[in-house]
Amino acid sequence: MNTTRIRRTLLTATAVALLPLGVTACSGDGGDGGGTSADGKKSEAPKDTSKEQKPTAGGEFGPACTSVPKTGKGSFQGMAQDPVATAASHNPELSTLVGAVKKAGLVDTLNSAKDITVFAPTNEAFEKVPKADLKKVMSDKKMLTKVLTYHVVGEKLPKEKLADGSYPTLAKEKLTTSGSGDSYKVNDEAAVGCGNVRTANATVHLVDSVLMPPK
């Protein structure tokens, strides 16, 4: 009988001694939502992604797309909210084009058009034009209008239509497109640097050369 009591006393004492160790193993080390797994490795708390920038789903492509702002009115999401001339004015890569459009009085014409495609020369594209030639075009409103409207097609041309096409422009002259994958050219001279940029009324393809209509 005394032997049985001694055994019970020893078992109770052992359980009490081990209890704090169990509590420590189950608790975290810093209150950060992590814990310790059975193998002794610390687990990480789930990452909060609620404030991260959501990716766009417009199908934009091309190396120059990396220069487009990630947020704000000049971003892909921001430009999609405005008609094309207004949207372009928020993109720092298109400031020269926007100035030319304003000088030619084409802002309302472009903003009110529906389902058009604009091959938009970047600032670097305008820098390729000899200064004397550019000055001549910019000072002649009729010629400037002809050049600018030659960059506009009266229908939507998404990426898949650029592979091999010939399309009439608002300047009543045709331009051609060719290419594959993420590499396309217009008139075999202007490369599409960033394509499939959406605006409220147009599809925009940023190109690295100014297109000149046939004489």
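Every read-out reported here was derived from the displayed coordinates using simple, explicitly stated rules and does not represent laboratory data. Remember, it's a predicted structure, so these values are computed and weren't measured experimentally. Using ideal geometry, Cβ is built from the backbone for each residue, glycine included, and neighbour counts are taken over all protein chains shown.
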| query | Which residue, chosen from Val137, Val207, Gly154, occupies the Cα position most advanced towards the positive end of the dipole of the stretch 63-207, where the dipole is computed from +1 (Lys, Arg) and -1 (Asp, Glu) charges on Cβ about the Cα centre? | reply | Val137
| said: Given Cβ point charges of +1 (Lys, Arg) and -1 (Asp, Glu) and nothing else, what value in debye, to the nearest 20, does the dipole of the stretch 63-207 about its Cα centre take? | reply: 420 debye
| query | Which whole-Hz ³J(HN,Hα) couplings does the stretch 202-215 yield from phi under the Karplus relation 6.51 cos²θ - 1.76 cosθ + 1.60, θ = phi - 60°, glycine and proline marked x? | reply | 8, 9, 10, 10, 6, 10, 9, 9, 7, 7, 10, x, x, 7
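Taking the DSSP beta bridges in the stretch 85-215 as the whole, what percent of them are antiparallel, to the nearest 5?
75 percent
So if we plug the beta-carbon distance of Met212 and Ser75 into 1/(1 + (r/R0)^6) with R0 = 41 Å, what FRET efficiency do we get, rounded to 0.05?
Efficiency computed from Cβ-Cβ geometry: 0.85.
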| remark: Calc'd 3J(HN,Hα), the stretch 88-104, phi into Karplus 6.51 cos²θ - 1.76 cosθ + 1.60 (θ = phi - 60°), Hz, glycine/Pro = x, comes to 4, 5, 8, 9, x, 6, 10, 5, 5, 4, 4, x, 5, 4, 5, 5, 7
| Dipole of the stretch 63-207 (Lys/Arg Cβ +1, Asp/Glu Cβ -1, origin at the Cα centre): which of Gly74, Ala100, Gly195 lies farthest to the positive side? | Ala100
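Taking 0.36 nm per residue of separation and subtracting the Cα-Cα distance, what length does fully extending Lys102 through Asp164 add? Provide the component values of the computation, followed by the final result.
On the way: separation 62, 0.36 × 62 = 22.32 nm, distance 3.18 nm.
Gain in length upon complete extension: 19.1 nm.
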| query | Between Lys131 and Thr176, what is the FRET efficiency for a Förster distance of 35 Å, r being their Cβ-Cβ separation, to the nearest 0.05? | reply | 0.80
